[in-house]
1. If you consider only alpha-carbon coordinates, what radius of gyration and Dmax does the stretch 247-361 have, in Å?
2. Hydropathy first: keep DSSP H helices in the chain averaging at least 0.0 on Kyte-Doolittle, then drop any whose Cα extent along the axis falls short of 27 Å, and list what survives.
3. Measure off 7 Å from each Cα along the Cα-to-Cβ vector at Asn259 and Asp199, then give the distance between these two points in nanometres to one decimal.
4. Specify the inter-centroid distance of the stretch 266-281 and the stretch 21-75, based on alpha-carbon positions, in whole Å.
5. Taking every pair of distinct Cα atoms and averaging 1/r, then inverting, what Kirkwood hydrodynamic radius in Å comes out for the stretch 408-499?
6. Compute the FRET efficiency between Ser373 and Leu346 as 1/(1 + (r/R0)^6), taking r as their Cβ-Cβ distance and R0 = 22 Å, and round to the nearest 0.05.
7. Translational diffusion coefficient of the chain at 4 °C, 1.567 mPa s, Stokes-Einstein with Kirkwood Rh over Cα pairs, in µm²/s as a whole number.
8. Can you compute the modelled spin-label distance between Glu244 and Ile8, with each label point 7 Å from Cα toward Cβ, in nm?
Amino acid sequence: MSHVIEMIGIRKEFPGIVANDDITLRVKEGEIHAILGENGAGKSTLMSILFGLYKPDRGVIKVRGKEVHINSPNDAFDLGIGMVHQHFQLVHNFTVAENIILGKEGGFVYDIKAASRKIKEISDRYGLSLDPDMVIEEITVGMQQRVEILKMLYRDADILIFDEPTAVLTPQEIDELMLIMKNLVKEGKSIILITHKLDEIKAVAERCTIIRRGKFIAEVNVKDTSAEEMAALMVGRPVNFKVEKKEAVIGDTVLEIRNLNVMNNKRVLGVKDFSLSIRRGEIVGIAGVDGNGQSELVEAISGLRKVESGNIVFLGKDITDSSILSRNEMGLGHIPEDRQKRGLILSSPISTNMVIKEFYKEPYSRHGILNYSAIEAYSQKIVDKFDVRSGEGIFSLAGKLSGGNQQKAIIGREVEADPELLIAVQPTRGLDVGAIEFIHNELVKERDKGKAVLLVSFELDEIFNLSDRIAVMNAGRLIDIVNTKDTDEHAVGLMMAGIKKEDA
């Protein structure tokens, strides 16, 4: 089988960092080839070079055996190379069809009906199930990703790059994407899958190139290599997939939610008559399919969304109508679901983001004057402890960090603030196995220090790995609360579908 892509001895430097250091990648025609590496290992940079977003400082690129120079994404498209980026590039008030033909219209007049027919044909052929007339802001994240895939197929790309494609998907959407990728390969496409999720590599990839800190480490046949072996190659040490934790020592109630009702964005109840208490020394996991009221619940607790009725009591005080600032000062920490929208100021440096909730306090300011040396020292402590990698250290703009490093920065900021209650929503989304192991251990440390942790995750294995108790949500309601050690994933899965234990 011939190689459709050969990247030989690729080097790319940015200020303060060598992102790619003499990396070689060879992709065979008609295969799914995975690129595995830690957050900040250089995976996305390598693929950005192949897609024409960056120029390599050194190295050779061959497409179908012929040496090429790719100076822009248009050059990449001309060579049949398309890329689905980790953060989608869609106009939200445009339809599916309008987004797909954007930049491909040609001339002063275009036939939207003809384009829609072609889009529908491609969608049906590859099992994408997309309606060309749907508006982007009204469809799920998983469907938006399919629009990005359709954009490539509409431009006749046959070499498809997927950059961390499952970072924002639910488990059901991930399964559907894996099936779509297999269908694409059956139709003659070649796929490069950038990921750090070992189960996905084992599910769909044939070969895997592993890079670490910008260097090529190994190329392995996936079926002949265990997940543990790949993890060790990626991180440089053995990785423990199971969190080691002792029996919980339960203390006083930290948060009590009483008969809570909260509207969603469509002005109907997203949270319905919800009651739950969380105590010191425990991790309570919220399990449920995405879109069943978890976001509205978290936003109500953190002060981002108005409560229609019911009460939220934190450390014995009713905070139902309290400001976000007062909740923060009482000791409420929040790792948000959307790191770019809620977690960071992307146009500001890491140092500013690390003190964004405390910059007005000593030692970070005095009499209204910022103390930059204190801010920088504190930020450096977080960056070092949580291994946040960037080209210019704490002075790097947050928006220039990889998704995984953005996540580690937010988690570091919230944990180091030593909150009484830490709300962790999808805390390991976009992180590699080494970082996941570290973050899981940090959350358990918070619990063992006598703090309360509310974990919201769509990954059932993460819920079971960390939680002492599991509260299951369906359609905005609390279905049941169970002790983790007394249940299993099958029973929780039924409850996530709205079936109570006694009904099952």
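1. Values for the stretch 247-361 (Cα only, Rg and Dmax): 15.3, 43 Å.
2. Span-like helices here: none at all.
3. The answer from the label model is 3.9 nm.
4. For the stretch 266-281 versus the stretch 21-75, the Cα centre distance is 46 Å.
5. 14.0 Å
6. FRET efficiency, Ser373 to Leu346: 0.35.
7. In µm²/s, the coefficient is 53.
8. A separation of 4.7 nm, rounded to one decimal place.
The values are calculated or read from the model by the stated rules, or taken from the named source; none is laboratory data. Since the model is a prediction, treat every value here as computed from it, not as a measurement. Every residue, glycine among them, receives a Cβ derived from its backbone with ideal geometry; neighbour counts consider all protein chains shown. Ligands, DNA and RNA are stripped out before the accessible areas are found, and what is left, the full protein with its side chains, is counted by its heavy atoms. Shrake-Rupley method; radii C 1.70, N 1.55, O 1.52, S 1.80 Å.
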